[in-house]
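Participant: Sharing a structure below in structure tokens format, with a few things to ask.
The values are calculated or read from the model by the stated rules, or taken from the named source; none is laboratory data. Treat the numbers as computed from the prediction; the structure is a model and nothing was measured. Counting neighbours? That spans all protein chains shown, and the Cβs are built from the backbone with ideal geometry, glycine included.
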Amino acid sequence: MTQSPIGGNRFTTTSAIDYGERQLAFMQIRGEDFFKKLGNLKLDWNGGLGNAQLIEPDQRAFQAVNDGDTQRAAFDTGDEKNLTVFGNNSPLNRFQRSLNEDSFYTIADFTVPMDLQDQYQNIFKTGFYFDQAQRAFSQSAFNYAYGGSTDPYYETSQPNIAGETWSDYFLSPGRSGLVNPTGEPAGETGTKMMSWSLVNLSGKNSGYGTFYNIQQQVTASYVMASFKLFPQLTLTGGSRFENTCIQLKGATNLPNFPTFTEYRKTGTAEIVQLDLLPSAGATFELMKDVNLRFNWSQTLARPSFKELGPVFSPDFGSSTIFVGNPTLQLSSINNYDFRAEWFPRAGEVISLGLFYKDIDAPLEQTIFGDPVNGQFLQYVNNERGEVWGWEIEMRKRLDQIHATLKDFSIFFNFTQIQSQVTMTAEETRIRNNLGVPGDTRPLQGQPSYVLNAGINYDKPEYRFYSGLFFNVSGEMLYAAGGGFGDTDFVPDTYEQPFPSLDFNMTQGLTEEWKMTFRAKNLLNPFYRLTQTYFGNEYDTNTYTKGWDMSLNVSYSF
């Protein structure tokens, strides 16, 4: 159950029953071959097949507006409709979903040493990559409409019903079962035999009951060389040719959102793009075990199938609704990195790094409001984004402190991140009207900092390993604000720091068998999403995720 504040002492409540079956099958083969007569040519190859399935036969979610006095509001078509999770006036929504995804990939890498000796220090490499994946997704959606009888008591709009749980409202004796006092058969004008009627949302431009089929092919090849210009300096450079082909076909029974305008005409969308992605790097050995590294590269970010698929997908765990966007395009990134690193001993490192990323058409999750359907999350391409910052990393074995600590090691890394997206004049104007000044904002998905720390205990002779890990990220823009106008604009939503403490323990039983115990989220803190109006911060979603413990036994051959 999740609760989202509305204002004052009113909030929405969502209770869900969610059952799903997941299956994953994957097979991989790999090999390595040497050809002495061909100049010590080395060939590394691998390939794999995969299949993933998801079946969710009956997800049920009850939604209500609570006035603070345990009174469950009966929804109507007024303002309260937009305060509910699913943007409708039904207390109970039901979904059936299925997904099937097949994937295949193959990789071949050829390495040729450029010196006479077989050291593979100065090398030339080339290779090929092919990846294909296809997904079939379908979703059926239903909700329950109340009323229809000629008796005014069974009209949709009713006074609030007192109660503590969803069943007090939905299953109250006076509002369930046969309620038509006239006994007339169902189907007559103005009469219904049942108080609640199941409504199929498929084919009603709701976006909930729909499907899509999508396939992606990525074909790539590359050339690169790495050589020592002199003993202390290693240069690396090359380029990657990458061809992306993504084709989507789905239903067109979608609301009239701007992001669906072109797609609704044909029910198809595609991305076909050929890219040349160069990279260059240098490693300078300043002194023994101390290196300076410089790297520049161009990379791509592709939208995922979920981000593209034109379906309204409820997430009952977070009480949000995600909407796919078939108009998404690839995002291209220029990456600049510098790192200074010192290796005091084997397994130890101390490093300091600087980075900068210039992003064209970044993919960002936005939150937007619609006067008819409520609020949704959706990815869009914005014009340009920047990310820069610094990071420090340390890994240290503890045997130098005391002999009894020889099997312990610690690690720590911290990254400080700044990011920026320049908004349009219209976005700036709307935000200023909501009391959020400025014409820039952070890039979505980039926290202000990331901290990781932990301690490991490794005893290989006993096949035993354990570790305790702590992680926390700074405030992060969870969803950039958006909307279709001044009155429907939703402000930026931020995810507040959420510290995590995890524990892992692995015990090898034989050479082939091992047992692993995992305990996650031991601190169980509150997860919080917030929005700011006129300088005041409000919680929009707050909940705890609970502990997660698992025991796994595996066999390797």
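Participant: Between a first residue in the range 8-29 that is assigned by TED's automatic domain parsing to the domain that holds SER98 and a second residue that is of a type in the set (Lys, Arg) and modelled with pLDDT under 90, which pairs have beta carbons less than 9 Å apart while being 6 or more apart in sequence or on different chains?
Facilitator: Final answer for the pair search is THR13/ARG72; SER15/ARG60; ALA16/ARG60; ILE17/ARG60; ASP18/ARG60.
Participant: For GLU511, only one of the following conditions fails: (1) surrounded by 12 or more Cβ atoms within 10 Å (Cβ to Cβ); (2) assigned to a loop (DSSP other than H, G, I, E, B). What is its number?
Facilitator: Here GLU511 clears every test but (1).
Participant: What are the pairs with Cβ atoms under 6 angstrom where one residue, in the range 492-505, is of a type in the set (Gly, Ala, Ser) and the other, located anywhere, is at pLDDT 95 or above? Sequence gap at least six, or different chains.
Facilitator: SER500/ASN471
Participant: For the range 519-557, enumerate the residues that are part of a strand (DSSP E or B) and closer than 30 Å to ARG429 by Cβ.
Facilitator: Listed by number, the residues that qualify are ARG528, LEU529, THR530, GLN531, THR532, TYR533, ASN536, GLU537, TYR538, ASP539, THR540, ASN541.
Participant: Follow-up. Name the residue that is nearest to VAL218 (Cα to Cα), counting only residues in the range 256-292 that are touching an Asp or Glu at 6+ places or on another chain (Cβ under 7 Å) and not hydrophobic (A, V, I, L, M, F, W, C).
Facilitator: Only one residue tops the list, namely ASP275.
Participant: Does THR516 satisfy being in the same structural domain as GLY454 (by TED's automatic domain parsing), modelled with pLDDT of 85 or more, over 19 Å from the mean Cα position of the chain (by Cα) and polar (S, T, N, Q)?
Facilitator: yes
Participant: Kindly indicate whether TYR212 is at pLDDT 90 or above, surrounded by 13 or more Cβ atoms within 10 Å (Cβ to Cβ) and either among the aromatic types (Phe, Trp, Tyr) or part of a loop (DSSP other than H, G, I, E, B) (or both).
Facilitator: Details: at pLDDT 90 or above: yes; surrounded by 13 or more Cβ atoms within 10 Å (Cβ to Cβ): yes; either among the aromatic types (Phe, Trp, Tyr) or part of a loop (DSSP other than H, G, I, E, B) (or both): yes.
Against the criterion (at pLDDT 90 or above, surrounded by 13 or more Cβ atoms within 10 Å (Cβ to Cβ) and either among the aromatic types (Phe, Trp, Tyr) or part of a loop (DSSP other than H, G, I, E, B) (or both)), TYR212 qualifies.
Participant: Moving on to the next point. Just wondering, is there one or more residues in the range 419-439 that are assigned to a strand (DSSP E or B), in contact with a Lys or Arg (Cβ under 6 Å, 6 or more places away or on another chain) and within 25 Å of VAL323 (Cβ to Cβ)?
Facilitator: Yes, there is a match, as at least one residue in the range 419-439 is assigned to a strand (DSSP E or B), in contact with a Lys or Arg (Cβ under 6 Å, 6 or more places away or on another chain) and within 25 Å of VAL323 (Cβ to Cβ).
Participant: Which residues, counting only those in the range 409-446, are of a type in the set (Ser, Thr, Tyr) and closer than 21 Å to ILE359 by Cβ?
Facilitator: Once the filter is applied, which keeps residues that are of a type in the set (Ser, Thr, Tyr) and closer than 21 Å to ILE359 by Cβ, the range 409-446 yields THR415, SER419, THR422, THR424, THR428, THR440.
Participant: Does THR70 fit the bill of being hydroxyl-bearing (Ser, Thr, Tyr), at positive phi, more than 28 Å from the chain's Cα centre (by Cα) and at pLDDT below 75?
Facilitator: Judged against the criteria, THR70 is a match.
Participant: Take the conditions exposed (fewer than 15 other Cβ atoms within 10 Å of the Cβ) and more than 25 Å from SER556 (Cα to Cα) and apply them to LEU501. Does it pass? Steps first, answer last, please.
Facilitator: Working: exposed (fewer than 15 other Cβ atoms within 10 Å of the Cβ): no; more than 25 Å from SER556 (Cα to Cα): yes.
No.
Participant: Scan the range 202-260 for residues that are more than 30 Å from MET287 (Cβ to Cβ), of a type in the set (Val, Ile, Thr) and more than 22 Å from the chain's Cα centre (by Cα) and jot them down.
Facilitator: Correct list: THR219, VAL223, THR252.
Participant: Among the residues of the range 344-358, are any among the hydroxyl-bearing types (Ser, Thr, Tyr) and touching an Asp or Glu at 6+ places or on another chain (Cβ under 9 Å)?
Facilitator: Yes: one or more hits.
Participant: For the range 530-549, state whether one or more residues are surrounded by 15 or more Cβ atoms within 10 Å (Cβ to Cβ) and modelled with pLDDT of 90 or more.
Facilitator: Yes, because at least one residue in the range 530-549 is surrounded by 15 or more Cβ atoms within 10 Å (Cβ to Cβ) and modelled with pLDDT of 90 or more.
Participant: Test PRO497 against the criterion of being part of a loop (DSSP other than H, G, I, E, B), in the same structural domain as LEU377 (by TED's automatic domain parsing) and at pLDDT 90 or above, and give yes or no.
Facilitator: Criteria met by PRO497.
Participant: Of the residues in the range 312-336, how many are in a strand (DSSP E or B) and of a type in the set (Gly, Ala, Ser)?
Facilitator: Summing the residues that are in a strand (DSSP E or B) and of a type in the set (Gly, Ala, Ser) in the range 312-336 gives 3.
Participant: Could you look through the range 312-336, keep only residues that are surrounded by fewer than 18 Cβ atoms within 10 Å (Cβ to Cβ) and without any contact (Cβ under 8 Å) to a residue 40 or more places away in the chain, and pick out the one that is farthest from THR259 (Cα to Cα)?
Facilitator: Restricting to residues being surrounded by fewer than 18 Cβ atoms within 10 Å (Cβ to Cβ) and without any contact (Cβ under 8 Å) to a residue 40 or more places away in the chain, the top hit is ASN334.
Participant: Can you find even one residue in the range 332-345 that is in contact with a Ser or Thr (Cβ under 9 Å, 6 or more places away or on another chain) and closer than 19 Å to VAL218 by Cβ?
Facilitator: Yes, the range 332-345 has at least one match.
Participant: Looking only at residues that are modelled with pLDDT of 90 or more and of a type in the set (A, V, I, L, M, F, W, C) in the range 257-271, which one is surrounded by the most Cβ atoms within 10 Å (Cβ to Cβ)?
Facilitator: ALA269
A quick yes/no check of all residues on (1) among the aromatic types (Phe, Trp, Tyr); (2) surrounded by fewer than 17 Cβ atoms within 10 Å (Cβ to Cβ); (3) outside any loop (DSSP other than H, G, I, E, B):
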{"site": "GLY237", "(1), (2), (3)": "no, yes, yes"}
{"site": "LYS249", "(1), (2), (3)": "no, yes, yes"}
{"site": "ASN253", "(1), (2), (3)": "no, no, no"}
{"site": "ASP275", "(1), (2), (3)": "no, yes, yes"}
{"site": "ASN291", "(1), (2), (3)": "no, no, yes"}
{"site": "LYS306", "(1), (2), (3)": "no, yes, yes"}
{"site": "PRO310", "(1), (2), (3)": "no, no, no"}
{"site": "PHE338", "(1), (2), (3)": "yes, yes, yes"}
